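All remarks here apply to the structure that follows.
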Amino acid sequence: MSAETSPSAPYDALVLLSFGGPEGPDDVVPFLENVTRGRGIPRERLVEVGEHYFAFGGRSPINDQNKELLAALRAELDARGLGGLPLVWGNRNWDPYLTDALREAHEAGARRVLVLTTSAYASYSGCRQYREDVAASLIALAGEGRALRADKVRHYFNAPGFLDANTDAVLAALDELDDDVRDGAHLVFTTHSIPTAMAEAAGPGGGAYEAQHEAVRAEVVRRVAERTGVEHPSALVYCSRSGPPTQPWLEPDVNDHLEAVSAAGAPSAVVAPIGFISDHMEVKYDLDTEAAETAEGLGLPVARAATAGVHGAFVSSLVDLVLERSAAERGEQPQRAAVGPLGPSHDVCPVGCCRNLRTPEKPAACGADWADPPVAAGAPAASA
């Protein structure tokens, strides 16, 4: 199939862009230095935070999970006749780094790529910061004489397959509970806490991070009730808070919420990490370790729902989004599948979307304020 007639045209490659994670104990502090660079966090504090990783042998599960997702995406692309579309993987904070992945794609002949991030929701840390990294990589590669254009798959929190995967996960977790406590189970939907200022700036008009999660919570609760005949009490709560105690972050914390529902007489709970697409460190430590210990201390039976991972419907939806964006770029009018009241997200991030409140404004690719392509290493891109 020629490039002109391929369903993935005009894209020459698909790039999976993720956060990255250490592969062993010696990687932990350097990895955390990458994550926190420019924030002035002392090394001793990074060593303290690194204990979460050291408790798991100094190795994050996220890299293996990305490899599983890559394999699942490759299989889905091949099954749809897109075996010729290269699929590469790059990280923001650890090897394989994004710049190296994009260089590899360019060397293989790619001149225009589509980026799929492992973050389903809008926020600075979940979207614009990734876009800043894409911009930095494009500028660096332009300095090597490698002109490359990049677009980004839209937010997929309300993609049909993501909701299918999370609904199936909650139903499976409910089945793990004993019969006498199942119907009264509280559904505790969890995501990564962020500073309230960041939450207020999320999306084109602000507040998108919370609104998108609440839409997922409501839809999963509705679907579970439809399947079981029981409408479970539910709430959106947060985990993985960091930063100084004086800085407001989104609440309630998952541990505080478990204490509250236990005190109110809840017979059991399901913890559903809808804010994450795979079981990386925030899930393994904050939920499977800390929250599980909280529940055990309360005598509260808790089952933890799976993340979307490589659920077949989720992977299928991701490929649908790739083909949707490809068709839109060819000037077609593809169906934009989205479940719930918020509708499909924008393809190109508007000016000022998910503003960077932590550091001086940086160029961010895949947005209306990006000059594409950059002309040289260090060349400034247009920004709001």
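The values are calculated or read from the model by the stated rules, or taken from the named source; none is laboratory data. In this text the structure is predicted, and so the values were computed from the model without any measurement. Note: ideal-geometry Cβ built from the backbone for every residue, glycine included; neighbour counts use all protein chains shown. Remember, those area values only see protein heavy atoms, side chains included, never the ligands or the DNA or RNA. Shrake-Rupley method; radii C 1.70, N 1.55, O 1.52, S 1.80 Å.
Candidate cross-link partners of Lys284 among the lysines, defined by an alpha-carbon separation under 28 Å and a same-chain spacing of 8 or more, comprise Lys67.
Can you give the Rg to Rh ratio for the chain, taking only C-alpha atoms and Rh from Kirkwood? Rounded to two decimals, Rg over Rh is 0.96. The relative contact order of region 177-322 comes to 31 percent, based on Cα pairs under 8 Å that sit 6 or more residues apart.
Short-range pairs are left out: with C-alpha atoms under 8 Å and at least six residues apart, the relative contact order of region 1-155 is 32 percent. Placing +1 on the Cβ of each Lys and Arg and -1 on the Cβ of each Asp and Glu in region 26-131, which of Cys127, Gly50, Pro96 has its Cα farthest towards the positive end of the resulting dipole? Most positive-ward Cα: Cys127. Overall shape of region 217-302 was characterised from the C-alpha gyration tensor. The equivalent ellipsoid obtained from it has semi-axes of 23, 16, 13 Å, in decreasing order. Not counting ligands, DNA or RNA, and with a 1.4 Å probe, what is Arg92's accessible surface area in Å² rounded to the nearest 10? Probe radius 1.4 Å; accessible area of Arg92 about 40 Å².
Computed over the chain, relative contact order equals 23 percent, with contacts defined as Cα pairs under 8 Å that lie 6+ residues apart. Convex hull volume of the Cα atoms of region 173-251, normalised per residue: 100 Å³. Remark: region 305-373 carries 45 Å² of accessible area per residue (probe radius 1.4 Å; ligands, DNA and RNA excluded). Extension gain for the segment Phe56 to Asp175, taken as residue separation times 0.36 nm less the Cα-Cα distance, is 40.0 nm to one decimal. Among the GluC sites (Glu not before Pro) in region 172-262, none sits in a DSSP loop with a Cβ that has at most 11 other Cβ atoms within 10 Å. When the solvent-accessible area of region 57-140 is split by element, carbon and sulfur atoms take up 51 percent of it, the probe being 1.4 Å. Just how large is the dipole of the chain about the Cα centre, in debye to the nearest 20, putting +1 at every Lys and Arg Cβ and -1 at every Asp and Glu Cβ? Charge dipole, the chain, about its Cα centre: 1460 debye, nearest 20.
Bridging of Lys362 to aspartates and glutamates at a Cα separation below 19 Å is possible for Glu132, Asp133, Asp151, Asp372, once same-chain residues fewer than 8 apart are set aside.
Projecting the Cα atoms of Ser268, Ala365, Leu318 onto the charge dipole of region 237-366, computed from C-beta unit charges around the Cα centre, puts Ala365 farthest toward the positive end.
Taking max minus min of the alpha-carbon positions on each principal axis, region 190-346 gives extents of 57, 42, 26 Å, largest first.
Straight-line cross-link reach from Lys152 at under 16 Å between alpha-carbon atoms covers no lysines, not counting any fewer than eight positions away in the same chain. Counting only protein chain heavy atoms and rolling a 1.4 Å probe, the accessible areas of Phe54, Phe162 rank, largest first, as Phe54, Phe162. Of the solvent-accessible surface of region 162-241, computed with a 1.4 Å probe and all protein chains present, 43% belongs to carbon and sulfur.
Taken as Cα centroids, region 175-191 and region 219-271 sit 11 Å apart, rounded to the nearest whole angstrom. Close amide H partners of Ala150, meaning residues 5 or more places away or on another chain with modelled amide H under 5 Å apart, are Val113. Inter-label distance, Arg80 to Arg358: 3.3 nm, where each label sits 7 Å from its Cα along the C-beta direction.
D by Stokes-Einstein for region 35-150, Kirkwood Rh over Cα pairs, 10 °C, 1.306 mPa s: 97 µm²/s.
Rolling a 1.4 Å probe over the protein heavy atoms gives region 1-136 an accessible area of 41 Å² per residue.
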